[in-house]
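This report refers to the structure that appears directly beneath it.
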Amino acid sequence: MNTGVFMNKVAIRIEDKYDQERRIPLVPEDIGYLVKKNNIPIIIQSSKKRVFSDEEFLHEGAEVSEDISDADVVLGVKEMAPGSFSKDKVYMYFSHVIKGQSYNMPMLRDLMRSGATLIDYECIVSDEGRRLVYFGKHAGYAGAINTLWALGQRLKRLGNRTPFENIRQAVTYSSLNEAKTAVAEAGLQIKENGTGLSERPIILGVTGFGNVSKGVLEILEELPLEMIDPLELLTLDKNKLDSDKVYLVHIRVAHYLIHKEEKPFSYDHYFAHPKEYRTRFEDFLPLIDVLFNGIYWDHRYPRLVTQSWLRKRAVEGVQVPLVIGDITCDPLGSIECTLSETSIDDPVYMYDPVTGAWESGFEGNGVAVMAVDILPSEIPREASAFFSGLLREWLPSLAQADFQVAFEQLKLPDELKRAVIVHRGKLTPKYAYLKESL
């Protein structure tokens with residue numbers, strides 16, 4: 001079908017930031033739809049590590065080549081390195097610059113110097129601010145599976161054999177369904193025989209209320225859980241709980257943020273004026289064995305877990321969490337003992353609160369921290385298909401837009417135009433604040 005309408009040539013680049021990054025922003029089935037129904041020319045940069053083969057893209061009518069230099073719009077998943085950009089081209093990926101992240105400012109400066117345009121998936125939002133293109137739920141899936149695996153491995157090192165020991169790291173499963181089945185089997189063992197920890201129950205804590213936490217909770221539903229109200233946790237006697245059961249507490253920001261002048265809590269007011277609030281999150285922590293962290297965080301917001309609190313508890317000989325799954329993975333951010341992101345092949349380290357030292361694996365004192373930065377890559381086929389289904393609807397507008405005009409004349413849907421961070425080498429008005437970080 002030839003519509004006669006001008007079309008930008010769209011390329012999908014290889015992912016070169018991480019060796020184990022196997023995702024793609026558009027899957028073969030959706031590319032076939034865009035090529036055949038919308039007449040969009042699409043070229044795939046050949047890759048042997050991608051979860052989908054080159055042949056699958058060729059079958060759907062896409063071009064496959066090592067060279068994508070003739071493309072007008074280049075799609076990726078993760079950040080591109082300085083030196084990757086060309087004048088007048090459009091690049092779309094998760095840039096991780098909107099918080100002024102220092103480690104990505106060289107990339108942003110280089111992209112601007114080149115005269116290119118940058119669109120960030122993270123910034124494609126509805127009028128109400130809801131993200132429209134995301135991997136978050138699949139980060140929650142993989143993060144929950146990995147954190148339960150880490151719990152089993154840590155308990156094993158402490159001399160406790162539990163059903164969690166039979167859960168593996170997410171990347172080792174052939175599919176998300178296979179991983180869910182493994183969690184469900186562990187849940188069945190717990191239901192029939194208990195946790196294996198006769199002296200204590202296990203309390204799981206989940207933070208956040210977005211896509212990440214939804215993914216976490218969906219995985220945890222495979223376990224036989226009893227819910228605890230977050231406010232009950234503040235006065236709960238753990239000794240009165242059934243030592244053979246697993247309990248779940250879902251802690252939202254309204255539970256742990258208090259206005260400094262004791263005014264009623266308001267989400268909108270907090271997000272607009274975070275400095276007017278204090279946190280009591282660490283009051284919830286003493287009874288939590290495993291924390292699944294799924295919140296959005298930047299430097300304006302208070303931390304959930306601080307190094308000083310962990311150190312104080314450890315020096316006093318009082319329990320700290322066995323495992324923290326920092327799924328949102330902001331190094332030295334909301335979870336201050338997340339010293340660095342971890343990789344798929346080295347996903348967990350032990351953080352010693354007393355010394356501040358850390359070491360890969362499950363041996364040693366302190367808390368096990370799982371902070372894999374590219375969690376959806378552990379379930380790449382399902383994650384890519386979900387993301388592609390959300391992104392596909394924006395491709396016709398992207399392919400038909402004339403990016404050579406001034407930003408004010410750029411014809412894109414509002415949701416997509418709000419995601420343009422740089423246009424032809426200059427920060428757009430919404431993101432002018434990034435000049436300070438540059």
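The values are calculated or read from the model by the stated rules, or taken from the named source; none is laboratory data. Since the model is a prediction, treat every value here as computed from it, not as a measurement. Here Cβ is always computed from backbone atoms with ideal geometry, including for glycine, and neighbour counts include all displayed protein chains.
Among the candidates N160, N177, N239, the residue that is of a type in the set (S, T, N, Q), in contact (Cβ under 8 Å) with a residue 24 or more places away in the chain and assigned by TED's automatic domain parsing to the domain that holds F284 is uniquely N160. Take H250 and tell me if it is modelled with pLDDT under 95 and either polar (S, T, N, Q) or in the same structural domain as G325 (by TED's automatic domain parsing) (or both). Here the answer is no, as H250 does not meet what is asked. Among the candidates M107, M92, M1, the residue that is modelled with pLDDT under 95 and among the aliphatic types (A, V, I, L, M) is uniquely M1. When both residues are 6+ apart or on different chains and their Cβ atoms are under 7 Å apart, which pairs have a first residue that lies in segment 180-196 and is closer than 20 Å to G140 by Cβ, and a second that is part of a helix (DSSP H, G or I) and modelled with pLDDT of 95 or more? As it stands, the answer is K180/I219; A182/N166; V183/I145; V183/L148; V183/I219; A186/P163; A186/F164; A186/N166, since those pairs meet every condition given.
Could you list all residues from segment 349-363 that are of a type outside the set (F, W, Y) and closer than 15 Å to R311 by Cα? Spell out the reasoning first.
We begin by selecting, within segment 349-363, every residue of a type outside the set (F, W, Y); these are 350, 352-357, 359-361, 363.
Passing the criteria: M350, D352, P353, V354, T355, G356, A357.
Residues in segment 169-187 that are under 20 Å from D326 (Cβ atoms) and in a loop (DSSP other than H, G, I, E, B): 1 in all. If you check G76 against the conditions, is it at pLDDT 95 or above and closer than 21 Å to C123 by Cβ? Taking the combined requirement at face value, the residue satisfies it. Condition (residue is in contact with an Asp or Glu (Cβ under 9 Å, 6 or more places away or on another chain), in a strand (DSSP E or B) and not assigned by TED's automatic domain parsing to the domain that holds E341) applied to segment 424-438: is it met by at least one residue? So far as segment 424-438 goes, no, none of its residues is in contact with an Asp or Glu (Cβ under 9 Å, 6 or more places away or on another chain), in a strand (DSSP E or B) and not assigned by TED's automatic domain parsing to the domain that holds E341. Listed by position, the strands (runs of 3 or more DSSP E) enclosed by segment 61-153 that each have at least 2 residues that are more than 14 Å from V420 (Cα to Cα) are 63-65. Among the residues making up segment 393-407, those that are over 12 Å from R424 (Cα atoms) and buried (at least 16 other Cβ atoms within 10 Å of the Cβ) are W394, L395, P396, L398, A399, Q400, A401.
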